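The values are calculated or read from the model by the stated rules, or taken from the named source; none is laboratory data. Values in this document were obtained by computation on a predicted structure and should not be read as measured data. Cβ atoms come from the backbone with ideal geometry, glycine included; neighbour counts cover every protein chain shown.
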Amino acid sequence: MRSITIGLTRADWRVAASARYYAERGNGEEFAFGMTPSEALARLEDREAATNQNLNQDWAEEVAFLALGAANLLRDRRDADLNRFGGYMGFINEIISCAPLLARRWSQMESSDFGGVWLYDVTERFGREWAEEVLAGTDESPSERLECIIADEMEKWL
């Protein structure tokens, strides 16, 4: 994840008189300005969201349930140190990056093979368990964790 720098604008920058702070992504890849640090950051995120076409809408449900599972874990683990991920959003991004894996695996399943509700029983659970593994610094792969969850959930529906 590329870092974000927030600071006071310099006198040699020609920006609107109402801008006192800047937010910069990475090494100057993107800038935004605002009267407060939070306004500058919000504008930077808005600009990036407007230009980011990386999210495949087919993964929207996976992203939502992965984030829900990870957020549920963090609610229970308020002491979790997320600094190495760049904070809360960096951590959530780490978890939701598994959305293509889950979508691909679901497409390989026969719907009659699985008696539960994939998003609730597998995706949300994976989000929580994978978040736990990532916090612990595991060397397990996401696909290994996913297969364990699928096997466990399928046993419940036999």
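What the table shows:
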read-out	value
Subset of the range 20-63 (residues that are modelled with pLDDT of 70 or more, of a type in the set (A, V, I, L, M, F, W, C) and over 25 Å from Leu119 (Cα atoms))	Ala23, Phe31, Ala32, Phe33, Met35, Ala40, Leu41, Ala42, Leu44
Selection from the range 82-105 of residues that are over 13 Å from the mean Cα position of the chain (by Cα) and in contact (Cβ under 8 Å) with a residue 24 or more places away in the chain	Leu101, Leu102, Ala103, Arg105
Residue that is assigned to a helix (DSSP H, G or I) and over 23 Å from Arg25 (Cα atoms), where the choices are Asp121, Asp113	Asp121
Only listed residue being touching an Asp or Glu at 6+ places or on another chain (Cβ under 8 Å), assigned by TED's automatic domain parsing to the domain that holds Arg145 and either surrounded by 20 or more Cβ atoms within 10 Å (Cβ to Cβ) or at pLDDT 90 or above (or both), chosen from Leu66, Leu101	Leu66
Test: Glu144 is surrounded by fewer than 19 Cβ atoms within 10 Å (Cβ to Cβ), outside the structural domain of Glu45 (by TED's automatic domain parsing) and in contact with a Leu (Cβ under 7 Å, 6 or more places away or on another chain)	no
Met89, sole failed condition from (1) modelled with pLDDT of 90 or more; (2) within 22 Å of Ser3 (Cα to Cα)	(1)
Filtered residue count, the range 124-158, keeping only those that are in a helix (DSSP H, G or I) and in contact (Cβ under 8 Å) with a residue 12 or more places away in the chain	21
